[in-house]
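Some notes on the structure that comes next.
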Amino acid sequence: MTRDNNMTSSSNLFLGVVSGERRRGFADINERASRIAGGLSRLGVKPGDSVCILMRNDIAFLESAYAVMQLGAYAVPVNWHFKPEEITYVIKDSGTKVLIGHADMLYQLRDAIPEGIIALSVEPPPEVLANYKIDRAHLGVPEGVIDLEAWLKQQAPYDGPVLPQPHNMIYTSGTTGSPKGVRRFAPTPEQAAATDRMRAMIYGLKPGARALLPGPMYHSAPNAFGLRGGRLGGVLVIMPRFDPEEFLRIVQDEKIDTIFMVPTMFIRLMKLPAEVRNKYDVSSLRHIIHAAAPCPADVKRAMIDWWGPVIYEFYGSTESGAVTFANSEDALKKPGTVGKISPGAELRFLGDDGEILPQGEIGEIYSRISGNPDFTYHNKPEKRAEIDRDGFITSGDVGYIDADGYVFICDRKRDMVISGGVNIYPAEIESALHAVPGVHDCAVFGIPDEEFGESLMAVIEPQPGVVLDLASVRAQLKVALADYKVPKQIEIQSNLPREDSGKIFKRRLRDPYWAKAGRVI
């Protein structure tokens, strides 16, 4: 266990990063990050290069990201739920020189690590081992891989020039095709200052904040929250995995005041028995920000009743940043709103003809934040151009702004499903289904889910005379896809509804489920 000199007899006064029983002070974290940076520099990592990070939430994740940023390079968090072929796609597409990962993940990937990639192995800490089913036989350092701790002892701190630190490059499926790396250009000093001011307002992260991160750092918003929260001189507690009662215990014991959450976490907290919820002191809470998926209005109201007017929401995307912002008063006054337009942001609502629509009319949402450094999709500049109209970009959502300036999201123009805050693109799953013998055609879409907002459903049309076994279909999907991409519900139907073009009419399959739920998103 690493402890800094600022540790006192009261854990509530500790300043640094907490993960499970481990407490590591900021001085230790900065020193380790500097030595990782020095080592990466000697391995040839230069400004603008990429370094992939394949880890669950861990202090070493933060240290590695800080190190890469120190070199003016791009840290690329990889979704560890991905199967080996999905991970190697990101590794190859990002052009990474170095892969830093938990030992068991590198073991699973050992035969798929592209030639020429230097891999550094991190032993999963006790709290990760306690929260995940990890085969202890897979914790050794795979052949051809370097043990990070042994390597780190040989490294001198980075002593090169101070460089602009780019944002981490997050891979997002967005609304079209294979994952795309959102490569934001390194900010100017003015842009960096503007981003800091915006994140201080949106995330509520101020110097000395006692922050809690229960979500995975391979996602965009938790990543930004964690990286900022670890640099403010207070405390950052990272949970290896969200557990509702453990979450409440941490809030109480560490006197947490600032948290990033997703609505699924609210729902799981509300499912706890009242006597469990009420036995924890949450009076320290000051700023709870949530995003990534729609939050049912009744759930939001119940959380405000419990915690008080400390719950905030933003709407945005990895590409756009936070373009709207709502406080608790807004949520109660305008149920279902995602708030008003954030300072510095601009929104346009466009019709199918590309014309700007007036207040109250539903259109595709385009946005920009003038103070944000621009971005491109790594290796896919044409995809960046596809979502741009006069400098405004879209993530495919449609909605409207009312006469009081409140924004509402109504639907998604494209097929992307957001389940528990995770973006899932159905075309990838449909492609995997088409590879299953006996499948003639299929449609994958989102249906209402009480806990996750929406979940995946697949409807399969078999080839004539073929009887499909659903267990076998699921097993074949799990070989090619991360588990969360395997549809929760699968049905077999013949004669699927089709448009005149022959394309499956998904809306006719999808809409009855949403009509029963009384909502469309």
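Each reported figure results from applying straightforward, stated rules to the coordinates on display, with no laboratory input. Computed from a prediction, not measured in an experiment: that's the story for all the values here. We place every Cβ from the backbone using ideal geometry, glycine too, and count neighbours over all the protein chains shown.
The Cα atoms of region 11-100 give a gyration tensor whose axes a ≥ b ≥ c have a/c of 1.5 or more with a/b no greater than b/c, which makes the shape oblate.
Between E115 and Q359, what FRET efficiency comes out of the Förster formula 1/(1 + (r/R0)^6) with R0 = 60 Å and r the beta carbon distance, rounded to 0.05? Efficiency, from the Cβ-Cβ distance: 0.60.
Over region 418-517, the fraction of Cα-Cα pairs per 5 Å bin, rounded to whole percents and listed from the shortest bin up, is 2, 12, 24, 25, 20, 12, 4, 0. Among the GluC sites (Glu not before Pro) in region 335-392, those located in a DSSP loop and surrounded by at most 14 other Cβ atoms within 10 Å of their own Cβ are E355, E361. Note on region 418-517: with charges restricted to the Cβ of Lys and Arg (+1) and Asp and Glu (-1), its dipole about the Cα centre is near 100 debye.
Starting from the Kirkwood Rh over alpha-carbon pairs, what translational D in µm² s⁻¹ does region 198-275 have by Stokes-Einstein at 10 °C and 1.306 mPa s? Mind showing how you got there, number by number?
Working: Rh = 12.8 Å.
Using the Kirkwood radius from Cα pairs, D works out to 124 µm²/s.
With runs of 4+ DSSP H residues as the only contributors, calculate the mean residue ellipticity of the chain at 222 nm using -39,500 (n - 2.57) per run, divided by the residue total and rounded to the nearest 500.
Working: 17 runs with 161 residues, N = 521.
Rounded to the nearest 500, the figure is -9000 deg cm²/dmol.
Assuming a ≥ b ≥ c are the square roots of the Cα gyration tensor eigenvalues, decide whether region 371-427 counts as rounded (a/c under 1.5), prolate (otherwise, with a/b larger than b/c) or oblate.
Numbers: a/c = 2.10, a/b = 1.20, b/c = 1.74.
Verdict is oblate for region 371-427.
Taking chymotrypsin sites (Phe, Trp or Tyr not before Pro) across region 275-383, the ones in a DSSP loop with at most 16 further Cβ atoms lying within 10 angstrom of their Cβ are Y280. In this label model, V276 and C410 are separated by 4.0 nm, measuring between points 7 Å along each Cα→Cβ vector. For the chain, the equivalent ellipsoid derived from the alpha-carbon gyration tensor has semi-axes of 35, 29, 24 Å in decreasing order. The D352 and K153 beta-carbon pair, evaluated with R₀ = 45 Å, returns a calculated FRET efficiency of approximately 0.15. From the Cα gyration tensor of region 1-155, with a ≥ b ≥ c the square roots of its eigenvalues, which class applies: rounded if a/c is under 1.5, or else prolate if a/b is larger than b/c, or else oblate? In terms of gyration-tensor shape, oblate.
Of the residues S94, V128, V45, the one whose Cα sits farthest towards the positive end of the charge dipole of region 24-166 is V45 (charges of +1 on Lys and Arg Cβ, -1 on Asp and Glu Cβ, taken about the Cα centre).
Which value, in debye to the nearest 20, gives the size of the charge dipole of the chain about its Cα centre, when Lys and Arg are +1 and Asp and Glu are -1 at the Cβ?
Computed about the Cα centre, the dipole is about 760 debye.
In this structure the amide hydrogen of D415, modeled in the peptide plane, comes within under 5 Å of no amide hydrogen from residues 5 or more places off or on another chain.
Starting from the Cα-Cα distance between L332 and R507, subtract it from 0.36 nm times their residue separation and give me the gain in nm to one decimal. Write out the running numbers ahead of the final one.
Details: separation 175, 0.36 × 175 = 63.00 nm, distance 3.13 nm.
Gain on extension, L332 to R507, equals 59.9 nm.
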